[in-house]
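This is the structure I want to talk about, given as structure tokens.
The values are calculated or read from the model by the stated rules, or taken from the named source; none is laboratory data. Keep in mind the model is a prediction, meaning the values are calculated, not measured. Positions of Cβ are backbone-derived with ideal geometry, glycine not excepted, and every protein chain shown enters the neighbour counts. To get the accessible areas, we keep the full protein, side chains included, count just its heavy atoms, and leave off ligands, DNA and RNA. Shrake-Rupley method; radii C 1.70, N 1.55, O 1.52, S 1.80 Å.
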Amino acid sequence: MSVTELNGTYTIDPAHSRLGFSARHAMVTKVRGAFNEVAGTATTGPNLEGAHIEIDVASISVDTRQADRDAHLRSADFFDCETYPTISFRSTEITAVDDDTLRVTGDLTIKDVTQPVTVDFEYAGSAQDPFGNTRVGFEGATTVNRKDFGLTWNAALETGGFLVSEKVTLEFEVSAIKSA
């Protein structure tokens with residue numbers, strides 16, 4: 001089945017999906033993390049007619065497997081989770097690049113700052129799970145500048161450069177279940 005043959009409403013399965021990120025740290029390594037609380041739906045008609053995606057992420061669910069860093073990311077220096085509890089994405093255009101690739105463009109909102117982003121998603125296929133659900137899988141990534149979303153905190157390094165890179169790669173591994 002190609003991406004243009006998908007039809008219906010699909011709900012993200014957060015237990016089998018990952019919305020992650022990576023950023024260069026101290027200019028020599030990468031720190032990886034994910035958001036553990038994700039909800040979203042995708043709806044499409046045949047040939048992507050009326051295709052639309054909505055995703056909401058609880059900013060407080062950021063997880064880099066290091067408690068002090070997670071606390072800093074939740075603070076006003078970064079996500080300011082008390083003031084801005086939700087990171088959202090709303091698609092504005094979805095097109096098929098080929099039979100196995102969707103190009104999704106939309107508005108990403110972090111800390112009440114909205115910027116357009118485009119992600120190419122590779123279609124991993126469709127399968128019937130043991131519970132009778134139709135599942136689809138997609139994987140994609142894109143790079144954004146965190147400063148464009150008001151995430152400006154940083155610290156200069158004595159050796160030159162900064163502690164946290166401006167460029168952040170957003171990584172998506174999505175399993176979604178088709179509604180009956």
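Hey, got a sec? Which GluC sites (Glu not before Pro) in the range 43-96 land in a DSSP loop and have at most 16 other Cβ atoms within 10 Å?
Glu49, Glu82
Please state the shape class of the range 1-125: rounded when a/c is under 1.5, otherwise prolate if a/b exceeds b/c and oblate if not, all from the C-alpha gyration tensor. Walk me through the numbers on the way to the answer.
Details: a/c = 2.22, a/b = 1.89, b/c = 1.17.
Prolate is the answer for the range 1-125, as a/c is 1.5 or above and a/b outweighs b/c.
Still on this model: Counting only heavy atoms of the protein chains, get the accessible area per residue of the range 57-110 (1.4 Å probe) and round it to a whole Å² value.
Working: 2830 Å² over 54 residues.
With the other protein chains kept in place, the range 57-110 gives 52 Å² per residue.
Let me ask something else. Leaving out ligands, DNA and RNA, what percent of the accessible area of the chain is carbon and sulfur, probe 1.4 Å?
Details: 4970 of 9840 Å².
Within the chain, the accessible surface is 50 percent carbon and sulfur.
So what's the range 37-106 giving for Rg/Rh, alpha carbon basis, Kirkwood Rh from the mean inverse pair distance? Each step should come with its number before you reach the end.
Details: Rg = 16.1 Å, Rh = 14.1 Å.
Result for the range 37-106 is an Rg/Rh of 1.14.
Divide the volume of the convex hull of the Cα atoms of the range 53-92 by its number of residues and quote the answer in cubic angstrom per residue.
Given the Cα convex hull of the range 53-92, per-residue volume reads 70 Å³.
Right, another one. Collect residues whose amide H, placed 1.01 Å from N in the peptide plane, falls under 5 Å from the amide H of Asp13; neighbours closer than 5 in sequence don't count.
Ser175, Ala176, Ile177
Okay, moving on. Just report the Cα centroid separation between the range 50-127 and the range 1-22, whole Å.
For the range 50-127 versus the range 1-22, the Cα centre distance is 13 Å.
Express the relative contact order of the range 42-130 as a whole percentage, based on alpha carbon pairs under 8 Å and six or more residues apart in sequence.
Details: 142 pairs, mean separation 19.4, N = 89.
About 22 percent, as a whole number.
For the range 125-140, take each phi angle, set θ = phi - 60°, evaluate the Karplus expression 6.51 cos²θ - 1.76 cosθ + 1.60, and give the result in whole Hz per residue in order, putting x for glycine and proline.
Per residue, the Karplus-derived 3J(HN,Hα) values read x, 10, 8, 8, 7, x, 9, x, 8, 8, 10, 10, x, 9, 9, x Hz.
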